[in-house]
1. Could you list, in sequence order, all residues of region 19-40 that are at pLDDT below 95 and surrounded by fewer than 13 Cβ atoms within 10 Å (Cβ to Cβ)?
2. Restricting to region 15-27, count the residues that are β-branched (Val, Ile, Thr) and under 10 Å from the mean Cα position of the chain (by Cα).
3. Considering only residues that are farther than 12 Å from ALA56 by Cα, in contact (Cβ under 8 Å) with a residue 12 or more places away in the chain and surrounded by fewer than 18 Cβ atoms within 10 Å (Cβ to Cβ), which ones fall in region 1-18?
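The values are calculated or read from the model by the stated rules, or taken from the named source; none is laboratory data. None of these values were measured; they are calculated from a predicted model. Heads up, the Cβs are rebuilt from the backbone with ideal geometry, glycines too, and the neighbour counts pull from every protein chain shown.
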Amino acid sequence: MVLRSPQDALYALVSDWPVNGGVHQQRAIDFCRAWLAGRMPAETVRQAFILAALEAGVRINDDEDGSEAAVNPPV
């Protein structure tokens, strides 16, 4: 799955996440929603998403400028 925005990240966290109920997952969801409302910078959302991915064992392949990330579910 390729994520290009916090909106994409929100969809992944809510619909396709392999582990539900994690503290970092919920924080990332909240941060994505805050970004959609214009109250959170995208970089802060990105960092929260990375923590949620670590928590769930999801591998992230970032491109160099941070504008796009590919997430791979745990094996």
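1. Within region 19-40, ASN20, GLY21 qualify.
2. Selection size over region 15-27: 0.
3. If the condition is that a residue be farther than 12 Å from ALA56 by Cα, in contact (Cβ under 8 Å) with a residue 12 or more places away in the chain and surrounded by fewer than 18 Cβ atoms within 10 Å (Cβ to Cβ), then MET1, VAL2, ARG4, SER5, GLN7, VAL14 are the ones that fit.
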